[in-house]
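Quick notes on the structure that follows.
The values are calculated or read from the model by the stated rules, or taken from the named source; none is laboratory data. The structure presented is a predicted model; accordingly, all values stated were derived computationally and were not measured. Backbone-built Cβ (ideal geometry, glycine too); neighbour counts: all protein chains shown.
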């Protein structure tokens, strides 16, 4: 956990939201094992449900990071598949107690999609050793869950666009180029951004649709 916190604490790390969450002690870290395995899905789902329950509607800069230090070294495509397998596994457990957040879509192809757990929407950021983007490259796989509602709160009070511009500028300094996958919620599906892999316009989710009726 400390190694991951140190990664975010680096002065050059571009994500100001993650830095703010860590500084406010609002970045919860949970250790699992292998991102390719379903063995930790129930514990992960329960942690996400608890996190969602405790979060207030106007909370900003709060995140839950799932760390998978026991994972094998995966290619970008293999990591993307494993990430979506974990999201699918979390949903299969979560759906027995919670509906999908009605503020976001269940369809990964929809521009209004967000992952849902504990009845609340989340934007997911994947990190792993072989990520092309330097800001997504960590020594073992990580999945960071950011509440969808906090982005709406930031938009409402006028901070969102300024924050996004600052992060984008820092990412260029850190990674050497702009991230081609960035898009605001409602423009195109955020699911395309989750793994960090640069994907084509015809990208489809690598697992079955995350729907309650699947």
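Could you please find all residues in region 14-49 being under 30 Å from residue 169 (Cβ atoms), in contact (Cβ under 8 Å) with a residue 12 or more places away in the chain and either in contact with a strand residue (DSSP E or B) (Cβ under 9 Å, 6 or more places away or on another chain) or in a helix (DSSP H, G or I) (or both)?
15, 16, 17, 18, 20, 21, 22, 26, 27, 28, 29
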Review point. Is it the case that region 53-60 has a residue that's part of a loop (DSSP other than H, G, I, E, B) and closer than 25 Å to residue 174 by Cα?
Key: yes
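Quick one: how many residues across region 54-76 are surrounded by fewer than 17 Cβ atoms within 10 Å (Cβ to Cβ), at pLDDT 95 or above and more than 17 Å from residue 43 (Cβ to Cβ)?
Counting residues in region 54-76 that are surrounded by fewer than 17 Cβ atoms within 10 Å (Cβ to Cβ), at pLDDT 95 or above and more than 17 Å from residue 43 (Cβ to Cβ) gives 3.
Please go through region 50-65 and give me each residue that is in contact with a helix residue (DSSP H, G or I) (Cβ under 7 Å, 6 or more places away or on another chain) and either without any contact (Cβ under 8 Å) to a residue 24 or more places away in the chain or farther than 18 Å from residue 193 by Cβ (or both), ordered by number.
57, 58, 59, 60, 61, 62
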Practice item. Would you mind stating whether residue 68 is in contact with a strand residue (DSSP E or B) (Cβ under 8 Å, 6 or more places away or on another chain) and in contact (Cβ under 8 Å) with a residue 12 or more places away in the chain? Key: yes
Exercise for review: Would you check which residues across region 61-82 are closer than 19 Å to residue 27 by Cβ and outside any loop (DSSP other than H, G, I, E, B) and list them?
Suggested key: 63, 64, 65, 66, 67
Check your understanding: Got a sec? Which of 191, 166 is in contact (Cβ under 8 Å) with a residue 60 or more places away in the chain and either over 19 Å from residue 206 (Cα atoms) or part of a loop (DSSP other than H, G, I, E, B) (or both)?
Key -> 166
Exercise for review: From the list 137, 159, pick out the single residue that is surrounded by fewer than 16 Cβ atoms within 10 Å (Cβ to Cβ), within 24 Å of residue 14 (Cβ to Cβ) and within 17 Å of the chain's Cα centre (by Cα).
Suggested key: 137
